[in-house]
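Colleague: Submitted below is the structure of interest, expressed as structure tokens.
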Amino acid sequence: MYCNYCGKVIQDDANVCAYCGTRVGASVARKRLVRPRLGRKIAGVCLGCAEYFDIDVTVVRLTWLLTALMTGIGLLAYVIAWIVVPEEPLLLSAPVGRERVTQL
Ligand SMILES: [Zn+2]
């Protein structure tokens, strides 16, 4: 990996450039390919891809469907993606009422 500011070679997992002290890419939250829980049609593979590549989910679904119908690869790829791509982490809501119980 290269520092964007001074152009020197730095460690791949570095957060700060060792030469100029500038923050580098690793500090930015990495985008992950996940299957979202909301808005999915089947397993959320197309929706996950659309969000990852920042394209319209309808375009992804149509492309995937056409590929599946014409070649059959799309269907296989969907099943593989279903297995391989992790589900979006479940957002756990904070327990309600527990604080009140301890106050009593
Ligand atoms: Zn630098």
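Coordinate-derived values only; no laboratory data. These numbers come from a predicted model, not from an experiment.
Colleague: Under the Karplus relation 6.51 cos²θ - 1.76 cosθ + 1.60, θ = phi - 60°, what is the ordered set of whole-Hz ³J(HN,Hα) values for segment 65-73, x standing for Gly and Pro?
Modeller: In residue order, the calculated couplings are 5, 5, 5, 5, 6, 7, 10, x, 5 Hz.
Colleague: Here's something else I'd like to know. What are the ³J(HN,Hα) couplings of segment 76-85, residue after residue, when phi is run through the Karplus curve with 6.51, -1.76, 1.60 and θ = phi - 60°? Round to Hz, x for glycine and proline.
Modeller: Values per residue, Gly and Pro as x: 5, 5, 5, 5, 5, 5, 4, 6, 7, 6 Hz.
Colleague: Still on this structure, please answer the following. Using modelled amide H (1.01 Å from N, peptide plane; none on Pro or chain starts), what sits under 5 Å from the amide H of E87, excluding residues fewer than 5 places away?
Modeller: Under 5 Å from the amide H of E87: R35.
Colleague: While we're on this one: Per residue of segment 7-17, in order, report the coupling 6.51 cos²θ - 1.76 cosθ + 1.60 (Karplus, θ = phi - 60°) as ³J(HN,Hα) in whole Hz, putting x for Gly and Pro.
Modeller: x, 8, 6, 10, 4, 5, 9, 6, 9, 10, 5
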